[in-house]
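Only one structure is covered here, and it is reproduced in the block below.
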Amino acid sequence: MCNQSVGLIARGIEASGISTVCVSFRKEITRLSRPPRILSVNFSAGKPLGNPGDGNMQRKIIEAGFSLLQNTTTDMTILDLPYKSSKFRFL
Amino acid sequence: MINHLLITKSLIRRRRPDFDFTIFHNSPVTLLSKPLNKCKLALVTTGGLHLKTDAPFDLSLKNGDCSYRILPGEVRHDDLMVSHKWYNHKFINADLNCVFPIERMREYVKAGEIQSLSEEHLSFMGHIYDTAPLIKYSIKAGRHLKGLGVDVAFLTPT
């Protein structure tokens, strides 16, 4: 459900004159609402930017978003990110 | 190949037989009018975060609580709690940044990659069945951020 909501919220914010990029871990759902920029990730619910403590992964995803924001686009663009997170073990 | 769309719809319809996804056929597009290092950025999440001192999201609402909460720019992990029962909180409890990457964004400001962060960020509770009110709230949220001079929003689901 959050993957639908994030796309719908992005639309409303974008329509207010703000450039948006939204992360999605279910792009087939997010794309139905056609937000202009989607970062598609392979992570599970609860960790859209990867495992806790993985700052490098967080930076890779954010920087991909920055790149997407600077592209000239006139319609929905989806960037599929290849990263995968290993099973996270809590100490 | 797994069809997540059909699986998700099927699971939701066990609880809400009338449910369907909201579909649009075009995209609103606002192009960046200046370089990113001149932009003010806001974070927006659907993770149900809110200040411990703020009203929680109303999880008893049948169609979902479409309102949003304001998270101050200087917010710390200890200031926050989560009112969202449809995802596991163990990851965000361990690291706020895997849902709400505020510390990463502060680093980008320090490095000069973005000019500044918004004085306020926004949090929704994304488990919404009836999306019409959510669409209204998202426009309100956009106007709110625009009023703060925000140029760019980075959104995360949970």
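Scanning the stretch B:31-53 for residues that are crowded, with 18+ Cβ neighbours inside 10 Å and assigned to a loop (DSSP other than H, G, I, E, B) returns B:CYS39, B:THR46, B:GLY48. Within the stretch B:140-158, is there a residue that is under 13 Å from the mean Cα position of the chain (by Cα), open to solvent by 10 Å² or more (accessible area, probe 1.4 Å) and not hydroxyl-bearing (Ser, Thr, Tyr)? Looking through the stretch B:140-158, none of the residues is under 13 Å from the mean Cα position of the chain (by Cα), open to solvent by 10 Å² or more (accessible area, probe 1.4 Å) and not hydroxyl-bearing (Ser, Thr, Tyr). Note on the stretch A:26-54: residues that are more than 23 Å from B:SER138 (Cα to Cα) and within 7 Å of chain B (Cβ to nearest Cβ) total 4.
Taken together, the residues in the stretch B:5-16 that are open to solvent by 40 Å² or more (accessible area, probe 1.4 Å) and either more than 7 Å from chain A (Cβ to nearest Cβ) or touching a Lys or Arg at 6+ places or on another chain (Cβ under 6 Å) (or both) amount to 8.
Residue check: is B:PHE19 surrounded by 12 or more Cβ atoms within 10 Å (Cβ to Cβ), at pLDDT below 95 and in a loop (DSSP other than H, G, I, E, B)? The answer is yes for B:PHE19. Cβ separations smaller than 7 Å between residues 6+ apart or across chains give the following pairs from the stretch A:65-91 residues that are under 21 Å from B:SER27 (Cα atoms) to residues that are open to solvent by 100 Å² or more (accessible area, probe 1.4 Å) and not in a loop (DSSP other than H, G, I, E, B): A:MET76/A:ARG31; A:ILE78/A:ARG31. Taken across the stretch B:76-98, residues that are under 21 Å from A:GLY17 (Cα atoms) and β-branched (Val, Ile, Thr) do not occur at all.
Among residues of the stretch B:87-115 that are open to solvent by less than 50 Å² (accessible area, probe 1.4 Å), those with a beta-carbon under 6 Å from a residue that is among the aromatic types (Phe, Trp, Tyr) at least six positions away or on a different chain give the pairs B:CYS98/B:PHE91; B:ILE114/B:TYR108.
Please indicate, with yes or no, whether at least one residue in the stretch A:38-46 is closer than 28 Å to B:ARG16 by Cβ, touching a residue at least 12 places away in the same chain (Cβ under 8 Å), touching a Leu at 6+ places or on another chain (Cβ under 8 Å) and not in a loop (DSSP other than H, G, I, E, B). Yes, the conditions are met somewhere in the stretch A:38-46.
The values are calculated or read from the model by the stated rules, or taken from the named source; none is laboratory data. Only a predicted model underlies this, so the values are computations on that prediction, with no experimental measurement involved. Methodologically, a virtual Cβ is constructed for each residue, glycine included, from the backbone with ideal geometry; neighbour enumeration extends over all protein chains shown. These accessible areas exclude ligands, DNA and RNA; they are computed on the full protein's heavy atoms, side chains included. Shrake-Rupley method; radii C 1.70, N 1.55, O 1.52, S 1.80 Å.
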